[in-house]
C-alpha cells in the first residue's frame, strides 16, 4: 500500500512541472511560429562560434526551433514519453541560457527585438528582460530534471492522458 501511495505522490509531484514546462514550450513555439521568424536570436552563437557558424546554421535553427518547442510541449502536456521529451528539451534550455548570459554580459536590459522568447504572445504577456528569461530558463531546467528523475513510469512509457484503458485489462 505504501508503494502505491509513493507512486501516486510521485505522479502528482511530476505532473505539475511537466504540464507547466509543456505550456511554456507550447506557448513559446506557437508564438514564434505565428511571428514567422526568430532571426537575431542566434546572435550569441555568431560571436561564440565565429567561423563555425554561418547564415545556413542560423537559418536552420530559426526554422527548426519553434516546431521543436511545439512538439516537446505537446508531448509533455499529453504525457507522451514525458521523460524522453524532458531530456530532449534540456539542450534547448541550455541554449536559451547561453543566449541570456550573452545578453547579460553585454549589459542589455532588454532584448533588441520583440518576439525573442514568446513570439507574438509577448504583446499580451509582455517582453521579459534577459534576467527574467534566464530565471525562467533555470526553472524550466529544474522542472525537466524533476520529470526525468521522478516520473513514476519507465523512460519510454507511452501512456497519454487520453489512453482509453489500463494495462492488463481488456477493453
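The values are calculated or read from the model by the stated rules, or taken from the named source; none is laboratory data. Because the structure is a prediction, the values reported are computed rather than measured. Methodologically, a virtual Cβ is constructed for each residue, glycine included, from the backbone with ideal geometry; neighbour enumeration extends over all protein chains shown.
Some observations on this one:
- Boolean, residue 122 is at pLDDT below 80, surrounded by 12 or more Cβ atoms within 10 Å (Cβ to Cβ) and over 20 Å from the mean Cα position of the chain (by Cα): no
- Taken over region 126-140, residues that are free of Cβ contacts under 8 Å to residues at least 24 places away in the same chain and over 14 Å from residue 92 (Cα atoms) amount to 6.
- On inspection, residue 148 qualifies as touching a helix residue (DSSP H, G or I) at 6+ places or on another chain (Cβ under 8 Å), surrounded by 15 or more Cβ atoms within 10 Å (Cβ to Cβ), at pLDDT 75 or above and not in a loop (DSSP other than H, G, I, E, B).
- If the condition is being loosely packed, with under 13 Cβ neighbours inside 10 Å and modelled with pLDDT of 60 or more, then region 16-54 contributes 16, 34, 36, 54.
- Residues being in contact with a helix residue (DSSP H, G or I) (Cβ under 9 Å, 6 or more places away or on another chain), under 23 Å from residue 154 (Cβ atoms) and either assigned to a helix (DSSP H, G or I) or at pLDDT 95 or above (or both) - total across region 62-95: 17
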